[in-house]
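Below is the structure I would like to discuss, written out as structure tokens.
Just so it is clear, none of the values below were taken in a lab; they were calculated from the coordinates. Model, not experiment: these values are computed from the prediction. With ideal geometry, Cβ positions are generated from the backbone for all residues, glycine too; neighbour counts draw on all protein chains shown.
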Amino acid sequence: MRLLKLVPDNTNINFLRWRWFAIAVSTILVAASIFFLATKGLNFGVDFVGGQLQRVTLVKVVPLDTVRDRLNALGQGEASVQTFGSERELAIRLPLPEGADEAAASAAADRVRGVIRALDPQARFDTVETVSGKVSGELLRTGGLSLLLAMLGIATYIWFRFEWQFGVGALVSLAHDMIIVLGFFAATQIDFSLNVVAALLTLIGFSLNDTVVVYDRVRENLRKYRKMEIEPLLNLSVNETLARTVATNTAVFLAVIALVVVGPDVIDGLSIGILAGVIIGTYSSIYVARFLLVPLGVGPDSFLPKDAIADAERVKRRET
Amino acid sequence: MLDFPRWKIWAVIAALVLGVALAVPNFFPEAATKTWPSFLPRERVPLGLDLRGGSHLLLQADTGDVAKQRLATMEESVRTEMRRAVPRIEVGDISTADGVVSFLVRDVRQIDAAVEKTRGLSQPVGVTGQRDWDVAVRDSTRVVMTPSRAGLDKAVDEALDTAREVVARRIDPNGTSEATVLRQGDDRILVQVPGLQDSRGLRALLGKTAKLEFKLVDLNANPQEVAAGRAPAGSQVLPYPDSPDGGGRIAVKRQVMVSGDELVDAQQGFDQTNNAAVVNIRFDGQGGRRFARVTQENVQKPFAIILDNVVLSAPNINEPILGGSAQISGNFTPETANDLAISLRSGKLPVTLTTVEERTIGPDLGAESIERGVIACLIGGGLVMLYLFATYGLFGLFANIALLLNVVIILGIMSVAGATLTLPGIAGLVLTIGAAVDANVLINERIREEIRRGRRLLDALSHGFKEASTAIFDANTTNVIAAVLMYALGSGPIRGFAVVLMIGIVTSYFTAVVVTRLMVMTWFRRTRPTALPI
């Protein structure tokens, strides 16, 4: 049987030559992401800004503008109506007035139901989520904190397992991935919910997964080929692990694409976040994480066992 | 490398059989597994609210309540203690303003005795020797008691524990439903009731603190003063929505005749004369005697039935009530009377609870999510397995078997550990399918590489497994760090996702590395191939 090989044997692509191109791409992506984050900002869901979210499945199709106009006529503040999955599945978001109590919140939910029932008597009401400003503020803080801690924790682990340059390289490539995925969410205005934070955390673990495998190979080659210059050595390591990077990421990509296309619509934010992360993570582990090692000063001397250096000195002294 | 010791083979097989057996009940309908003999595993993966539908409420306790109540209780204790002191200590101007209890000692010579008595009212907190109240003397005549931070924290903690129990009793009086009531953080209680669609009744049940008191009506109070909200000494003015004179207020004595703490039972019933919904209550022995004595002494005078500081009704005592039973009438419907009966039975909430987060999920959405999640798992898994087989041939087949075992074992572990599967958890499962492949990819690519370098077959195999394992370990560790943080800082559904990821990481290491190696080596020993089909 002829086996499928997406990356042919003995591939030797000179990734180094495309380095400047990659730097340009990264710079543009990061700049665009920061631009979107600054201008459009993230479309925070009720988890993070508080308010009320109802998900409704309609039987007949009602134009979004009609729903929106009817809801705004209630005078309960600007209602946001979006579809998710199909055009019959609506996500309706209402702001809650400052200090609104439970009774007010459930009255607001009832009025929304009334409007929807009038438009489609057979509508199915799937979820009602009401989050007070107090809780949403905390969720936002802990969400941000967990992302930050995950990045630092993993970078520290890599620093201990390898050398500090690898830790810094990992941290920078993580920040790079994170900014671009956040920029993606800002540009598309996909609802940024708790699930998306989970996706980002997964992505932190996953993106580093790739980086670690490559670093592992760089370390092995640094020990094996003492005489080789650092740049060709990195190129060699990238090429040697390329088949694996492509194979694994293809597999993950296939699994996640199934989740995005046929999976439950409610977690689309999670699935799409992971998908975007997989794509960016693959790219960044080839370019960002690896070639950062050069300016950070990883050289042929890295990973020399300390006693080996002592030995070498002794030999030297005897020679003189 | 080739010689797997026999015990190791059996250990691996035993672990696999166990893992798969634990997952088996999930593939049968619940009705079928119930009839299985008891030695067979019957546990299923518990589903989160987002998959089965239900209500989720996060309640916030008003900790200010606790502080206020402590002040009031302490004020009462100080009065009693000074009265009981020998010789009696005359005090005046007791106040609970500014968050402290302070009082004037009339005879300056008694100040030391007063301080000693008040110190005796405080309790040690923890092991540091700190007490729950700090006592000081101001202007040499005034004793000031300040609640200490540690004391307040302890009181809040105890109040929350009690509140949690009360909430649990109210939601689930018979302990039969699958509701969960947990404390969360310092001042919150999490309530989850599967299957419940309308949380309004639930919130109504939790909104009441259900502090029931019986007090005598102060007949000497000047009606004009009462209408203005001013009460005579020793009395207080309370709202009375159904008052016959339409004033909406009534003055009652501060002293409590009997309180709801002395109840043994409360049931909803109907009044025999006018068929209105009422709540029938029964006092315990002590409460019953007290109620009997007070009613004997106050025949033909009215008393007030007070719930949460609102007067429900103020009937006349027609005759002494001796049996220890009484009837609470008010403007009730059978439902509200029943809710009140439940609230009274379960005790009073020591703090006011407000809902700060509420999520209600319909059952249809959950069923739909499960269905589509399973389809996504099948399609995603199918694609990944096809891809692996196309890429690595026989070795891909080995990896696929490992992958299937992995998913089944994850379900088995979740069933036996009672780890809840949530909607994001399904995504975690799909992602695990993709990520678990990584270990096999690393190994297989390494074997290919070693063969290209001209190693002998067996050498290539053992090197492939050995060299890949450091990378696999490091890569998995980064995932574990992310998952642990997600679990520590995340809430409900996100935790479900983190749990699936963590279990998946451990099981995938076992299936992808250990089990695959066993399969590869057994195959190698049986067939002694001259070339590896990879």
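For B:Ala276, list long-range residues whose amide hydrogen, built 1.01 Å from N in the peptide plane, is under 5 Å from its own amide hydrogen.
Distant-sequence amide H within range of B:Ala276: B:Asp271.
Amide H of A:Phe44 versus every other amide H placed in the peptide plane: which residues, excluding those fewer than 5 positions away on the same chain, fall under 5 Å?
A:Phe192
Between B:Thr141 and B:Val310, what length in nm is gained on full extension when 0.36 nm per residue of separation is reduced by their alpha carbon distance?
The span from B:Thr141 to B:Val310 would gain 57.1 nm if fully extended.
Then there's this: When Cβ neighbours within 10 Å are restricted to other protein chains, what is their mean count per residue of peptide B:197-204? Write down the numbers at each step before the final one.
On the way: counts 2, 1, 4, 5, 0, 0, 4, 2.
Mean inter-chain Cβ contacts per residue within 10 Å come to 2.
Let me ask something else about it. Could you tell me how many degrees, from 0 to 90 and to the nearest 10, lie between the Cα long axis of helix A:306-319 and the main elongation axis, the longest principal axis, of the Cα atoms of chain A?
20 degrees
Filter B:Lys154/B:Lys253; A:Lys134/B:Lys211; B:Lys68/B:Lys348; B:Lys68/B:Lys211; B:Lys68/B:Lys208 down to the pairs with a C-alpha to C-alpha distance above 22 Å, please.
Numbers: B:Lys154/B:Lys253 32 Å; A:Lys134/B:Lys211 28 Å; B:Lys68/B:Lys348 16 Å; B:Lys68/B:Lys211 15 Å; B:Lys68/B:Lys208 18 Å.
Pairs exceeding the cut-off: B:Lys154/B:Lys253; A:Lys134/B:Lys211.
If each of B:Arg282 and B:Asp459 carries a label point 7 Å out from its Cα toward its Cβ, how far apart are those two points in nm?
Going by the 7 Å Cα→Cβ label model, 8.9 nm.
Further, regarding this structure: Beyond 33 Å, how much of the Cα-Cα pair distribution for chain A remains, as a whole percent?
When all Cα pairs of chain A are counted, 42 percent exceed 33 Å.
Listed highest first by mean packing, meaning other Cβ atoms within 10 Å per residue, what order do B:111-124, A:235-248 come in?
A:235-248, B:111-124
Report, as an integer, the average count of C-beta atoms from other chains found within 10 Å of each Cβ along A:265-276.
4
Calculated FRET efficiency, A:Lys5 and A:Thr66, Cβ-Cβ r, R0 45 Å, to nearest 0.05?
0.25
Another one. Once phi is turned into ³J(HN,Hα) by the Karplus curve 6.51 cos²θ - 1.76 cosθ + 1.60 with θ = phi - 60°, what whole-Hz value does each residue of region A:196-204 show in order, with x for glycine and proline?
3J(HN,Hα) across region A:196-204, in whole Hz: 5, 4, 4, 4, 5, 5, 4, 5, 4.
May I pose another question? For a label point 7 Å from the Cα of B:Arg183 along Cα→C-beta, name the residues of region B:350-373 whose backbone N is under 14 Å from it.
B:350-351
In nm, to one decimal, how far is the A:Ala32 label point from the B:Leu219 one, both placed 7 Å along Cα→Cβ?
8.7 nm
Using Cα pairs under 8 angstrom and six or more residues apart, how large is the relative contact order of chain B, in percent?
18 percent
If I stretch the segment between B:Ala204 and B:Asp271 completely, what's the gain in nm (0.36 nm per residue apart, minus their alpha carbon distance), one decimal? Could you put the intermediate results ahead of the total?
Numbers: separation 67, 0.36 × 67 = 24.12 nm, distance 2.38 nm.
That works out to 21.7 nm of additional length.
Tell me the mean residue ellipticity at 222 nm calculated for chain B from its helices only (DSSP H runs of n ≥ 4, each -39500 (n - 2.57), averaged over every residue, nearest 500).
Using -39500 (n - 2.57) per qualifying helix, the result is -17000 deg cm²/dmol.
What are the residues whose amide H is under 5 Å from the amide H of A:Thr83, where those residues sit 5 or more places off or on another chain and H is modelled from the backbone?
Residues meeting the amide H criterion: A:Ala91.
Grab the Cα-Cα distance for B:Val115 and B:Gln300, subtract it from 0.36 nm times how many residues apart they are, and report the gain in nm with one decimal.
Numbers: separation 185, 0.36 × 185 = 66.60 nm, distance 4.37 nm.
Stretched out fully, the B:Val115 to B:Gln300 stretch lengthens by 62.2 nm.
Between B:Leu404 and B:Ser325, with labels modelled 7 Å along Cα→Cβ, what's the label distance in nm to one decimal, could you check?
About 6.8 nm separates the two model spin labels.
Helices from chain B with mean Kyte-Doolittle at least 1.6 and a Cα length along the axis of 20 Å or more, per DSSP H: which?
B:6-23, B:394-417
Fewest first, what order do B:Thr527, B:Thr209 take by the number of other Cβ atoms within 10 Å?
B:Thr527, B:Thr209
Also: Could you check how many percent of all C-alpha pairs in the protein assembly as shown are farther apart than 51 Å?
In whole percent, the long-distance tail amounts to 36.
Along its principal axes, what span do the Cα atoms of chain B show, with the longest given first and each in whole Å?
Principal-axis extents of the Cα atoms in chain B, largest first: 109, 61, 40 Å.
Report, as an integer, the average count of C-beta atoms from other chains found within 10 Å of each Cβ along B:443-454.
For this peptide, the per-residue mean of nearby foreign Cβ atoms is 3.
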